[in-house]
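Some notes on the structure that comes next.
The values are calculated or read from the model by the stated rules, or taken from the named source; none is laboratory data. As the structure is a prediction and not an experimental result, all values here were calculated from the model. FYI the Cβ positions are ideal-geometry reconstructions off the backbone, even for glycines, and counts take in every protein chain you see. Surface accessibility is based on the protein's heavy atoms, side chains included, excluding ligands, DNA and RNA. Shrake-Rupley method; radii C 1.70, N 1.55, O 1.52, S 1.80 Å.
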Amino acid sequence: MVFDALASGYDLGLLPLEMAVLRQMRRRAFPQVEGRVLEVGVGTGVNLPLYPPTTAVIALDLSAPMLRRALRRTTRARVRAVRADVHRLPFRDGAFDAVTGSLVFCSVAEPERALGEVYRVLRPGGRLLLLEHTRGRGLGAWLTDRLHPLWFAWNGVCHLNRETVRSVRRAGFHLRREETRALGIFRLMEGEK
Ligand SMILES: C[S@@+](CC[C@H](N)C(=O)[O-])C[C@H]1O[C@@H](n2cnc3c(N)ncnc32)[C@H](O)[C@@H]1O
């Protein structure tokens, strides 16, 4: 898996983006969730320190090297790591109060199918919280469309111009709130089942 090889340099590579835009968005979003939480594509666990102590978090990822790094994070939440594919979640229907993720649905193979699985494991009224980079708006759309082929040819996994909001709606979620940054490329999406 591509992310196995990226794990050791991932945090350093993302640092400029974290400082410019992501850190602030993460800090506003992730401390808000409660209860039984599933974080999909947890990566090196950058969101884990942000969860409140009242949460029990399943940190899910397909990459074992990423998960190993996530488990080293200091967090007040109760965290358990699970290695699994977001397209086939090993949980019963309605098992979680909230499902979270950041920078994940740009690189999963079938985002609508995966979001369908997320929908299944959320309880009715449960909350979806996603921080994603997506196809931008206006100039942002033009830029992400132009840059995508080059970017994808280089890394083979991450799509720069995914319409993740549309996939979230198609999976059945009501989109309650959306916040955008940087020409609409970075989006915080809050949905409800
Ligand atoms: C770009 S990283 C994001 C990591 C972290 N969430 C963040 O905000 O920095 C994407 C993560 O999603 C994971 N991932 C990609 N496809 C997946 C899948 N089908 N099932 C589970 N995890 C997946 C990768 O292994 C990687 O750790």
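Brief remarks on what is shown
- Ranking Val118, Ser107, Asn161 by how far each Cα lies toward the positive end of the dipole of region 2-192 (charges on Cβ) leaves Val118 at the top.
- Using the Cβ-Cβ distance between Arg176 and Gln24 with R0 = 22 Å, the FRET efficiency computed as 1/(1 + (r/R0)^6) comes to roughly 0.60.
- Residues in region 144-154 carry Karplus couplings, in order, of 5, 5, 5, 7, 3, x, 5, 4, 5, 4, 6 Hz; the curve used is 6.51 cos²θ - 1.76 cosθ + 1.60 with θ = phi - 60°, and Gly or Pro positions show x.
- Summarising the amide proton neighbourhood of Ser102: residues at separation of 5 or more, or on other chains, whose placed amide H is nearer than 5 Å comprise Leu131.
- Fraction of the pair-distance distribution of region 1-76 above 17 Å, Cα-Cα pairs, percent: 46
- Based on DSSP H segments of at least four residues, each scored -39500 (n - 2.57), the chain has a per-residue ellipticity at 222 nm of -9000 deg cm²/dmol.
- Estimated vicinal HN-Hα couplings, Hz - region 16-25 in sequence order (Karplus 6.51, -1.76, 1.60; Gly, Pro = x): x, 5, 4, 5, 6, 8, 6, 4, 5, 5
- When the Cα positions of Leu12, Ala81, Gly138 are compared along the charge dipole of the chain, Ala81 comes out farthest toward the positive end, with charges on each C-beta of Lys, Arg, Asp and Glu.
- Among Leu183, Val40, Ala98 the positive-end extreme of the charge dipole of the chain (Cβ point charges): Ala98
- Distance (nanometres) between label positions extended 7 Å along Cα→Cβ at Leu15 and Ala109: 3.5
- With all protein chains in place and a 1.4 Å probe, the accessible surface of region 33-75 carries 57 percent carbon and sulfur.
- Accessible surface, region 2-192, averaged per residue in Å² (probe 1.4 Å): 48
- Only the Cβ atoms of Lys and Arg (+1) and of Asp and Glu (-1) were treated as charged; on that basis the dipole of the chain about its Cα centre amounts to roughly 400 debye.
- Surrounding net charge for Thr54, when Lys and Arg each add one and Asp and Glu each subtract one, Cβ distance under 13 Å: +1
- DSSP bridge pairs, region 2-192: antiparallel proportion in percent, nearest 5: 40
- Working note: Debye formula, equal point scatterers on the alpha-carbon atoms of the chain, no solvent; log10 I(q)/I(0) at q = 0.15, 0.18 Å⁻¹ is -0.88, -1.33.
- Surrounding net charge for Ser102, when Lys and Arg each add one and Asp and Glu each subtract one, Cβ distance under 9 Å: -1
- Sparse packing (at most 16 other Cβ atoms within 10 Å of the Cβ) combined with a DSSP loop state is found for the following GluC sites (Glu not before Pro) in region 57-164: Glu163.
- Counted by Cβ distance under 12 Å from Arg68, the other residues give a net charge of +2, where Lys and Arg count +1 and Asp and Glu count -1.
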